[in-house]
There are 2 protein chains.
Amino acid sequence: MTTSSGDASSGLGPGAPGGPAKRATILDVAAAAGVSRQTVTRAMNAMPGIRQETRERVQETARQLGYTPSRFAKGLVQGARTSVGLAIPDLTNPYYPAFASSVVELATQRGWHVVMDDYGHGGATGVESVQHLAPQVDAVIGYLGGAADEAQAILGRRPLVVLDQPAGSASGGITFDYAHAARTALEHLQARGCRQLAYIDRAGTDHGAPEPVHDGGPRPGPGPVQGVVTVRGQAFARGAAAAGVALAVSVSPESAAAARQVTRRLLDEHPGTDGIVVFNDLMAAGVLKALADSGRAVPADCAVIGMDGIPLGELLTPELTTLALDLREVGRAAVELLDGLLTGSLNPAGPGTELVLRHQLVLRQSA
Amino acid sequence: MTTSSGDASSGLGPGAPGGPAKRATILDVAAAAGVSRQTVTRAMNAMPGIRQETRERVQETARQLGYTPSRFAKGLVQGARTSVGLAIPDLTNPYYPAFASSVVELATQRGWHVVMDDYGHGGATGVESVQHLAPQVDAVIGYLGGAADEAQAILGRRPLVVLDQPAGSASGGITFDYAHAARTALEHLQARGCRQLAYIDRAGTDHGAPEPVHDGGPRPGPGPVQGVVTVRGQAFARGAAAAGVALAVSVSPESAAAARQVTRRLLDEHPGTDGIVVFNDLMAAGVLKALADSGRAVPADCAVIGMDGIPLGELLTPELTTLALDLREVGRAAVELLDGLLTGSLNPAGPGTELVLRHQLVLRQSA
DNA sequence: ATAATTTCCGTGAACGTTCACGAACTTGTA
DNA sequence: TACAAGTTCGTGAACGTTCACGGAAATTAT
């Protein structure tokens with residue numbers, strides 16, 4: 001502008017000098033190219049009704065000015081592309097990536113964007129995650145670990161699909177038939193001849209549990225059951241009681257290393273244990289280590305059944321028998337449920353639509 | 001609408017009848033509550049200058065109408081909250097979640113949102129992923145597997161941080177010192193007394209390779225090296241040549257199962273192999289399986305070194321020695337680099353700032 | 001009682017884009 | 001030449017929110 005030389009805006013436009021280089025707008029491009037807003041729009045969006053030469057000139061001008069259309073202005077006038085929030089407690093836990101991958105894939109197929117929040121590492125809760133996502137998304141899918149009502153309140157009318165917890169007032173929910181899983185596992189172990197069973201539960205309450213129960217009723221067996229606080233754990237305790245089989249229960253933080261230690265103690269207290277079911281495959285990996293530590297052969301001396309069926313199981317030694325969940329299928333169920341909610345074939349305001357999925361026993365070496 | 005009763009909007013507002021229930025705006029709320037736009041804004045955003053009673057009344061009205069402020073209108077007037085795109089080839093590969101988790105955590109700390117794209121499953125490329133993300137984000141971090149220039153062109157002035165490939169015209173890049181990694185691994189194996197080494201490379205070119213070379217120069221050893229196409233593979237081939245050590249190279253698709261098969265063939269062709277380095281830990285798991293299949297003891301008969309240091313390695317039997325990368329640290333580096341680019345302390349237009357990280361040998365049982 | 005604050009609330013403007021429409025220019029045809 | 005039809009481009013309006021400012025009402029001070 002102030003220079004007398006002719007070649008203004010040579011290559012870089014703003015950026016080098018002065019302040020933070022105020023963002024170029026469509027008007028800047030229009031002015032620089034000697035056309036109107038609408039022509040710039042036509043050039044940038046591959047619309048008809050513009051001469052090829054003009055289009056190229058405008059595009060070049062836009063490039064030189066570093067022009068990027070404001071997604072806000074565009075969204076405001078065109079109506080939102082839907083974007084869904086995905087709340088995950090811990091991507092580091094191999095259970096979740098498989099699920100998340102599926103959600104992202106199917107959401108992308110529908111033209112949605114996925115805003116991901118991996119809230120566990122910051123020590124946040126599921127509700128806080130929803131709070132963080134809320135202003136940015138049109139819907140949320142998530143493993144919140146409870147408080148579905150509160151989360152739905154934050155989202156207002158926008159649909160919320162929660163997993164592995166009662167839907168409550170949430171628009172939709174996907175749960176798992178743990179009673180069926182427990183029955184399947186226990187029957188398999190019994191058929192195998194196991195008589196001294198144990199279950200390793202995860203420590204830390206999952207807020208999905210209906211009541212933080214101490215199982216005040218008749219103790220189903222000799223094992224300690226007081227610590228059982230997850231819904232999975234309750235299902236196994238009840239399943240064992242129903243089947244009239246002894247079940248020792250230990251509780252461990254959700255990691256292989258922790259499960260290894262807990263299992264060592266369990267084996268000290270119950271040396272005759274000959275069958276163990278574990279909260280999930282990751283912890284089962286630690287259980288296998290502990291059994292190896294103690295010199296026991298798997299499955300000869302003690303059988304092990306994991307849960308969830310993550311790919312890791314196949315790589316362990318021995319390969320892990322597990323109550324598998326097709327995590328891509330879980331993701332598909334969540335996305336399709338949300339799709340129904342969004343397109344209105346399902347009513348978000350109505351009572352939460354619940355979908356129940358079942359684990360399937362995958363026999364490998366460990367049991 | 002058709003009813004004569006007076007109680008309009010009782011509890012649910014729109015939604016039940018008619019069409020897709022046009023979205024409620026701030027003006028609807030203002031009218032329903034008998035106040036102005038600005039008062040609604042004040043009520044919804046916890047701003048001062050409003051009576052508590054009014055605030056509650058407005059909030060209740062908003063709730064009843066299912067009002068959710070438009071993120072586009074808000075963004076337009078307030079200036080963008082920055083949101084970054086995260087392009088990941090395959091969340092199912094345990095390498096990436098650890099990285100992604102770190103990125104999400106640190107981005108959230110900065111108040112950014114993360115739009116995730118897991119582009120591999122759809123058969124898309126990194127560039128297509130960037131294309132998909134571009135209209136929605138202010139910057140991109142990603143493993144693109146090449147074509148950084150093209151991706152940067154799509155983003156215009158918006159910063160792009162690429163990983164594990166030359167930055168090219170991208171604003172920033174993070175690469176790994178594979179020459180150092182190769183040297184470390186080979187030296188360790190030699191010191192261990194291994195004499196017949198092998199390297200299992202990943203099939204499929206990573207476009208980051210400077211030239212799709214057939215290594216036309218003098219063959220560094222007896223092993224077949226023609227298939228080496230990844231930068232990692234080249235580093236190992238060169239490292240072996242420099243150290244004057246024989247190195248057989250096999251190529252396998254990126255999965256444990258595939259690596260298992262390839263390793264079986266390798267062992268048939270080179271039965272004397274007593275040390276194997278693998279492209280990554282996931283494939284190394286398959287290599288361990290193959291060695292077990294062949295009746296070889298690890299590390300007594302053959303040592304194995306993996307690469308990248310994912311948590312899986314500790315759970316294998318034997319536990320995997322690996323050239324570990326602190327993936328959370330990689331995420332941190334990417335985010336901090338991007339932060340510099342965004343806040344302007346680094347110049348996005350300038351030549352890409354490259355950062356080189358090093359693998360560290362973590363000794364466990366397998367070597 | 002009047003003035004000086006303070007509290008509360010409303011109105012014009014602006015953010016950057018696309019849509020709907022119309023004007024100007026070009027080409028083809030009688 | 002004149003008219004129709006097509007091509008290319010520009011202008012007002014609208015999307016829904018917040019900001020800056022100003023006015024009215026309620027409260028306190030003089």
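The values are calculated or read from the model by the stated rules, or taken from the named source; none is laboratory data. This is a predicted model, so every value here is computed, not measured. Cβ atoms come from the backbone with ideal geometry, glycine included; neighbour counts cover every protein chain shown. Accessible surface areas use protein heavy atoms only, side chains included; no ligands, DNA or RNA. Shrake-Rupley method; radii C 1.70, N 1.55, O 1.52, S 1.80 Å.
Things worth noting here:
- Accessible area of the protein assembly as shown divided out per residue, in Å², using a probe of 1.4 angstrom: 43 Å²
- Accessible area buried at the B-A interface, both sides summed, 1.4 Å probe (Å², nearest 100): 4400 Å²
- For A:PHE279, the solvent-accessible surface with a 1.4 Å probe is about 10 Å², rounded to the nearest 10.
- Counted charge near B:PHE72, where neighbours are those whose Cβ lies closer than 9 Å (Asp, Glu -1; Lys, Arg +1): +4
- A simple count of charges around B:LEU320, restricted to other residues whose Cβ falls under 13 Å of its Cβ and scoring Lys, Arg +1 and Asp, Glu -1, yields -2.
- Peptide B:277-286, shielding by other chains (average Cβ, 10 Å cutoff): 1
- The calculated 222 nm mean residue ellipticity attributable to helices in chain B amounts to -12000 deg cm²/dmol, summing -39500 (n - 2.57) over DSSP H runs of n ≥ 4 and dividing by all residues.
- About the Cα centre, charge dipole magnitude for the protein assembly as shown (Lys/Arg +1, Asp/Glu -1 at Cβ), debye: 1480 debye
- The solvent-accessible area of B:ARG195, taken with every protein chain present and a 1.4 Å probe, is close to 150 Å².
- In range of the label at A:ALA300: residues from the stretch A:256-275 whose backbone nitrogen is under 18 Å from the point 7 Å along Cα→Cβ: A:272-275
- For chain B: relative contact order, % (alpha-carbon pairs under 8 angstrom, 6 or more apart): 15 percent
- Rh by Kirkwood over Cα pairs, then Stokes-Einstein D for chain A at 1.002 mPa s and 20 °C, µm²/s: 90 µm²/s
- Overall shape: oblate for the protein assembly as shown, with the ratio a/c of the largest to smallest alpha carbon gyration tensor axis at 1.5 or above and b/c at least equal to a/b.
- Modelled spin-label separation between B:ALA73 and B:GLU60, with each label point placed 7 Å from Cα along the Cα-to-Cβ direction: 2.4 nm.
- Here the accessible area of chain B is 53 percent carbon and sulfur, with a 1.4 angstrom probe and all protein chains present.
- With K and R counted +1 and D and E -1, the other residues having a Cβ less than 13 Å from that of A:SER83 yield a net charge of +2.
- Shielding by partners - mean other protein chain Cβ count within 10 Å, residues of A:135-142: 2
- Distance from the C-alpha centroid of the stretch A:293-349 to that of the stretch B:33-99: 35 Å, rounded to the whole angstrom.
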